[in-house]
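Every read-out reported here was derived from the displayed coordinates using simple, explicitly stated rules and does not represent laboratory data. These numbers come from a predicted model, not from an experiment. Don't worry about glycine lacking a Cβ; one is built from the backbone with ideal geometry, like all the others, and counts go over all protein chains shown.
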Amino acid sequence: MKLIFAGTPEFAATALAALFETGHEIALTLTQPDRPAGRGMQLQASPVKTLALQHGVEVLQPVSLKKDFAASARIAAANAEAMIVAAYGLILPQEALDMPHYGCLNIHASLLPRWRGAAPIQRAIQAGDAETGVAIMQMAAGLDTGAILATARTPIAADDTAASLHDRLAKMGAQLMVDTLARLPLPAVAQPAEGITYAAKIDKAEARLDWRQSALALDRQIRAFNPFPIAQARFQGETLKIHAARPHHENCKKTTLAPGTVLAADKTGVTVACGEGALTLTELQRPGGKRLPAAQFLAGCATLKIGASFD
């Protein structure tokens, strides 16, 4: 099929690569403007732009599509059968949604209507969902409100992080879109009115661990915020990054010591009392330091020992 592709991050690039591999003609790509990144804050192209240029495909990077008449005209001129959208990051006006013959088809990383919005992968882990998946949605004017063409499911494992789940869902979404395009036209099923939740964008301020929460909740927070923004804990005036942990929640009993108290500190990890259960921190990082397994971290932080307390 002749397609337009709109997307920005690696999640979207995985889908674009699958479309190239299956022989679809990508007439035009849309992606967000280059952003400063890295220590030097140099402008960097998005993964979608990089891949599109490698295949010799024209790239448009409008700041907004609402008032960019040149971009709208170029979309119309492409005369595409469908526009594929994945983590684009810009609102598509109704005019753009209506241009292609099959409209705009979106790859969304949740089982809609659960987790509409910006951070469905992280919020699914944080909420303790047993499963998640991807949905191919016929885009409409509302936020992820369109009818569903296809879905695929996957369990969320106890050790899944946002990174591991992202990579799995990216591959699933790419394959599901390829399969969906091969079967068009398909009946679209309206989303149910029940079970709607919203996945708010992740804020760095959410990274701080609150030891009054249960060990299970803190473990989910750490995994949901890996690789960004990485969970944080305050210890003796320093903000430590917590990359990985292991919960102990037998019977979810409350510990007798105050939340934040260090119960054990050895090569297996730093075990901390929580509101319910205890959490063993297995990978930590000091400001300006490297991410280290607990044994190496403790060798350079003698004050992190039994009886000490996190803020």
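Work out the FRET efficiency for Ala258 and Arg291 from their Cβ-Cβ distance, taking R0 = 25 Å, and round it to the nearest 0.05.
The calculated FRET efficiency here is 0.35.
What are the ³J(HN,Hα) values, in whole Hz, obtained from phi via the Karplus relation 6.51 cos²θ - 1.76 cosθ + 1.60 with θ = phi - 60°, for each residue of the stretch 88-94 in sequence order, with x given for Gly and Pro?
6, x, 10, 6, 8, x, 4
For the stretch 105-117, what does the Karplus curve 6.51 cos²θ - 1.76 cosθ + 1.60, with θ = phi - 60°, yield as ³J(HN,Hα) per residue in whole Hz, taken in order and with x for Gly and Pro?
Each residue of the stretch 105-117 in turn: 10, 10, 9, 10, 8, 6, 9, 3, x, 6, 6, 5, x Hz.
Round to the nearest 10 and give me the degree value, 0 to 90, for the angle of helix 10-21's Cα axis relative to the longest principal axis of the chain.
For 10-21 against the chain, the angle is about 40 degrees.
What ³J(HN,Hα) values, in whole Hz, does the Karplus curve 6.51 cos²θ - 1.76 cosθ + 1.60 give for the stretch 264-271 when θ = phi - 60°, with x put for Gly and Pro?
Per-residue couplings from phi come out as 7, 8, 8, 5, 7, x, 10, 9 Hz.
Cα centroids of the stretch 157-192 and the stretch 27-78: how far apart, whole angstrom?
Result: 24 Å between the Cα centres.
Below 8 Å between Cα atoms, with a sequence gap of 6+, how large is the relative contact order for the chain in percent?
13
Can you list the residues, at least 5 places off or on another chain, whose amide H is less than 5 Å from the amide H of Thr154, using H built in the peptide plane?
Long-range HN contacts for Thr154: Thr132, Gly133.
Could you tell me whether the stretch 1-122 comes out rounded, prolate or oblate from its Cα gyration tensor? Rule is a ≥ b ≥ c as square roots of the eigenvalues, rounded for a/c under 1.5, then prolate if a/b exceeds b/c, otherwise oblate.
Here the stretch 1-122 falls in the rounded category.
Find me the longest stretch of the chain that has none of the exposed trypsin sites (Lys or Arg not before Pro), where exposed means in a DSSP loop (not H, G, I, E or B) with at most 15 other Cβ atoms within 10 Å.
Between the exposed loop sites, the longest stretch runs 68-200.
Using only Cα atoms, locate the centre of the stretch 1-15 and the centre of the stretch 226-305, then give the distance between them in Å, rounded to an integer.
Cα centres, the stretch 1-15 to the stretch 226-305: 39 Å.
Length gain on complete extension for the stretch Ala118 to Lys2, per 0.36 nm per residue less the alpha carbon to alpha carbon distance?
Length gained between Ala118 and Lys2: 39.0 nm.
Given R₀ = 22 Å, FRET efficiency for Thr239-Ile306 by Cβ-Cβ distance, to 0.05?
Computed FRET efficiency for Thr239 and Ile306: 0.50.
Say a site is exposed when it is one of the GluC sites (Glu not before Pro), sits in a DSSP loop, and has at most 14 other Cβ atoms within 10 Å; what is then the longest site-free stretch of the chain?
59-193
For Ala6, enumerate residues with amide H under 5 Å from its amide H, sequence gap 5+ or separate chain, H modeled in the peptide plane.
Result for Ala6 returns Leu30, Ile84, Val85, Ala86.
Where does helix 162-183 land angle-wise versus the long Cα axis of the chain, in degrees 0 to 90, nearest 10?
So the helix axis and the longest Cα principal axis differ by about 20 degrees.
Where does the chain land on the Kirkwood hydrodynamic radius, alpha-carbon pairs, in angstrom?
21.3
Just add up the charged neighbours of Thr50: K/R +1, D/E -1, any other residue whose Cβ is under 15 Å from the Cβ of Thr50.
-1
Between their Cα atoms, which of Lys201/Lys290; Lys267/Lys305; Lys49/Lys171; Lys49/Lys241; Lys2/Lys66; Lys204/Lys290 are more than 22 Å away from each other?
Lys201/Lys290; Lys49/Lys241; Lys2/Lys66
All other residues with a Cβ under 15 Å from the Cβ of Ala193 taken together, and with Lys, Arg as +1 and Asp, Glu as -1, what is their net charge?
Result for the neighbourhood of Ala193: 0.
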